Amino acid sequence: MDTILSTMFYFWITLFVVYFLVQRGLWIFSDVAKGTVSFMLEKALGPGADLVEGRPGAGARSWIMQGALWMIFASMFTFTSMWLTHDPDALHSLASWGYTANAEELAAAGVYATLYGTVSMFIIGCSFHIIPKLAGTELASETNANLVSFVWTISVLVLVIGSQNNSILGIDVIPLGVALNNVVLLAVIMNQLLTVANRTRNIATPGWLILIALLSSPILAIVSIVSGAANDNVGQWLTYHIFGGTFFFAGVAGVALYASSIASGNPLWSKTLVGVTLIGSIFTINPFGDVDGQMVMDAFGPLADNNVIPFTNQDMLAASFLMALVSIPVLAFSSNMLVTMRGSDMFVDDPDASGNAELNLGSWLIIPIVIGSLFVQTDTVSGTNELLGISNSLSVMAGWLVLVPLSLGAALSLYPELVGRHLFSQNRARWGFWMMSGGAIFGLSITMIADFMDIALAELLVEDPSILSEELRKVGSVMFYGVVIGSILHSLNMVTGMFRGNLIPKKSVRTSSISVESYPLVSPTTIRRILSSGADLDTEVIPTGENDEKGSATKL
Amino acid sequence: MSTNTIDSVDVFLQGEKEPSGSWVFIVLGLVLSLSFLVLYSILYPGQDLPVISDLMPVFKGVFDSGIWFFILGTMIGIFAILGRLLLEATSE
């Protein structure tokens, strides 16, 4: 069997087994497992647990605030790499400190900071709030959730350092960072699974999107190493894209779908479409990101080999087919988001709610960017390599115009409930949105135009670099600086809001993402309160009968 | 006769609704800055925009690229966040 189908088959089977175990428990070992995990999450930390607070929401808050701070560094690394592409000697003065800045290495630092520092921290932070809410219980260990956020930040720092110099004192730094990262992820998964084990009701599908996203990462790593996929470029390419489809796409989709309901005050439009998004994220190959699996090889370090083999015909067919199928979950996700945010009755609880704009932007732009990525990846898989020149710009676009807006939008939507206060300034949040989205759209589009010019010149065998292309790259990088300013505005707004934002009243309960079929009316109430309980125009309001007759003893 | 002037100025007020007129000034600022850039290229044809080391020769050999304007801007932003955290954490 070929690499693509066999690896995906093992991945699907393992994921299904884990899903089955999560649903059904571990038979007679369930209680022992619960006790052991509970001990590991709290008591086993020893004095480490005293370093952080364990109040409700502390874990989610900590992850989201650190994610916001990483956003500044992520955008700055990306901006600097874009600048150094047209002006390689711009930071030559840093050489006197022993640091030689390089566009490619800074781009890699930007990718690690964006994906692991920003997007992952937002996804995990939001999940610590969403999963307990959907499960109708409390998070198993707030202390652990809070503490491991700092270890995750250290792991991202190690990855960023590794992207600049992968070997320090003979030790591979990136595998070390990835190992640390996975230890934290394991703690996060244990925490969430223990929360799910204590659930009092069935978890709505957005919750499963998040759980599958979290579980897929270690499962994929094991499958990739055991099946040997990590040893050649085809397997590494596949591992990279399955990870992107399950952890990033499913994770972002889960938190964004939940937040779309919270931000708009409308119940989630379609449960079927969420299911399609979930199944599609597992059974298709997501084309976002790089055209090679270099990141996987760097991450696995000594566990991966460097064999270069061409895609076989079977691999080519399977990869192209599974990538084309990604349009199904992407369309399902996008349409569900957009209709939910508008609502069936155009009722928006709070049209000025922060995060709405980001969620809208990500939901719109995911479609053109996924189509563009599909062309680039198919071009690579088939070995044509004509569109290789725009792959980097498109990959950065997927990060800054889809993953970051959706995860940031979700974090901003949940912010009032987590912090107990509103953002410091709605106006500043709006400015942050316009700076970020404008900077990313114009900066990256102009850079992509320069990419196309370079591709055309290379095809015509023109050796001299184009001055116009260089000028465009300058303009593109300067415009991308808007993303840095936007990140600073958002972070400052979130930090200040923690201390000075308007307090939210205790009675302000936001809607759940689950639509209710009927609403029992026991006493006079307002239409707003009925709608905020998750009811929509089709919900049946049933007056519950009451009488004033005097009660008497029950006859036995 | 004494007037209590403190009461009238000790509360800082900031509106959340953005007045439509403010956009005029932002657009005007953008147009002006673009005009100056065009004027610069007419007055000094073929010459790059000044960088920090041109304005402050003490930084010659250090801040020789325009990227330093942007890096310093980001550093100001990061220090604003750190300063805000420290101030809020230590304020009564």
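Angle, helix A:30-41 long axis vs. longest principal axis of chain A, Cα atoms, 0 to 90°, nearest 10?
Around 60 degrees separate the two axes.
To the nearest Å, what is the center-to-center distance of region A:266-333 and region A:91-135, using C-alpha atoms only?
Taking the Cα centre of each part, region A:266-333 and region A:91-135 sit 22 Å apart.
Below 23 Å Cα-Cα, how many Lys pairs turn up in the protein assembly as shown? Only count pairs eight or more apart in sequence, or on different chains, if you could.
Lysine pairs, 8 or more places apart or on different chains, close enough: 6.
Could you tell me how far the Cα centroid of region A:55-71 sits from the Cα centroid of region B:30-75, in Å?
38
Tell me, what ³J(HN,Hα) does each residue in region A:285-291 have, in order and in whole Hz, if you take phi through Karplus 6.51 cos²θ - 1.76 cosθ + 1.60 with θ = phi - 60° and put x for Gly and Pro?
So the J values, rounded to whole Hz, are 9, 7, x, 4, x, 5, 9.
Provide the per-residue ³J(HN,Hα) series for region A:440-457, in order, calculated from phi with Karplus coefficients 6.51, -1.76, 1.60 and θ = phi - 60°, each as a whole number of Hz, with x at glycine and proline positions.
Couplings: 6, 5, 6, x, 6, 5, 5, 5, 5, 4, 4, 4, 4, 4, 5, 4, 4, 5 Hz.
When A:E459, A:E42 are ordered from fewest to most other Cβ atoms inside 10 Å of their Cβ, what list results?
On the way: A:E459 10, A:E42 15.
Neighbour counts put them in this order, fewest first: A:E459, A:E42.
Which of rounded, prolate or oblate describes region A:274-411 when judged by the alpha-carbon gyration tensor and an a/c cut-off of 1.5?
Values: a/c = 2.38, a/b = 1.99, b/c = 1.20.
Note, shape of region A:274-411 comes out prolate.
Going from the alpha-carbon gyration tensor of the protein assembly as shown, what semi-axes, largest first and in whole Å, does one get by taking the root of 5 times each eigenvalue? Don't jump to the answer; show the numbers that get you there.
Values: eigenvalues 342, 241, 123 Å².
Rounded to whole Å, the semi-axes are 41, 35, 25.
In degrees from 0 to 90, rounded to the nearest 10, what is the angle of the helix A:58-86 Cα long axis to the longest principal axis of chain A?
20
Looking at the square roots a ≥ b ≥ c of the eigenvalues of the Cα gyration tensor of region A:59-157, which shape do they give, rounded for a/c under 1.5, prolate if a/b is larger than b/c, or oblate? Mind dumping the intermediate values first?
Details: a/c = 4.61, a/b = 2.84, b/c = 1.62.
Judged from the Cα gyration tensor, region A:59-157 comes out prolate (a/c at least 1.5, a/b above b/c).
Give me A:L472, A:L238, A:L169, A:L157 ranked fewest to most by other Cβ atoms within 10 Å of their Cβ, as a rough exposure proxy.
Values: A:L472 21, A:L238 28, A:L169 5, A:L157 17.
Lowest to highest Cβ neighbour count: A:L169, A:L157, A:L472, A:L238.
Rank the residues A:V370, A:V274 as a footprinting-exposure proxy: fewest other Cβ atoms within 10 Å of their Cβ go first. Walk me through the numbers on the way to the answer.
On the way: A:V370 22, A:V274 27.
By the 10 Å Cβ count, ascending, the order reads A:V370, A:V274.
Longest exposed-loop-site-free stretch of chain A, with trypsin sites (Lys or Arg not before Pro), DSSP loop and at most 10 other Cβ within 10 Å? Write out the running numbers ahead of the final one.
Details: sites that count: A:R201, A:K506, A:K507, A:K550, A:K555.
It works out to A:202-505.
Between A:R421 and residues 5 or more places away or on another chain, which pairs have amide H atoms under 5 Å apart, with H built 1.01 Å from N, and which residues are they?
Those qualifying (amide H under 5 Å, at least 5 residues apart or on another chain) are A:I504.
Counting only residues 5 or more places away or on other chains, whose amide H sits under 5 Å from the amide H of A:Y519 once H atoms are built in the peptide plane?
A:E540, A:V541, A:I542
Every read-out reported here was derived from the displayed coordinates using simple, explicitly stated rules and does not represent laboratory data. A quick note: this is a predicted structure, and the numbers were derived from the prediction, not measured. Cβ atoms come from the backbone with ideal geometry, glycine included; neighbour counts cover every protein chain shown.
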